[in-house]
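See structure below.
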């Protein structure tokens, strides 16, 4: 037995769609897999959780111990994005104001959820230990240093870090030429 599900086993898990060359650890967990779409060349490592509405594009890596909570609004990750280890992405969260109760064991009438779509565009990289909160758009090429709190949308091709994150400097676009070469070489 290998560490990753076979193509046939992936079909049996009940995902909305599964592309080609998908490697998913047998130690990853999926809640509501019928709401999860996986593109081509996707890798999901050990101890990851994907829950609710989640859509992954092509050439996506979700590193070990990361969690993506799509809820009803969803998390949408575009091509060539990278989610490093121990990242949490939330499109849904409890209200922490104290006006309502919290946690999934409480009936909905006693709590309030904060929902907001998370969109992660092409070539975004999210460093280890980052947290992404609901209702954010991470623009193309933006990068986030380890342990950053991402609670607002980013600008394209910018590097951020901190709690909450702030702009550090602009990011180079050299990788776009490499992406074109890669796509040509591998007929993408």
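The values are calculated or read from the model by the stated rules, or taken from the named source; none is laboratory data. For clarity, every value in this text was computed on a predicted model and none was experimentally measured. Methodologically, a virtual Cβ is constructed for each residue, glycine included, from the backbone with ideal geometry; neighbour enumeration extends over all protein chains shown.
Looking across 138, 133, 175, one residue alone is at pLDDT 95 or above and over 25 Å from residue 72 (Cα atoms). It is 175.
Filtered by the rule that a residue be touching a strand residue (DSSP E or B) at 6+ places or on another chain (Cβ under 8 Å) and either farther than 30 Å from residue 141 by Cβ or without any contact (Cβ under 8 Å) to a residue 40 or more places away in the chain (or both), segment 71-111 gives 94, 95, 100, 101, 102, 103, 110, 111. The listed residues are 163, 120, and the only one of them that is under 16 Å from residue 89 (Cα atoms) and either touching a residue at least 40 places away in the same chain (Cβ under 8 Å) or surrounded by 13 or more Cβ atoms within 10 Å (Cβ to Cβ) (or both) turns out to be 120.
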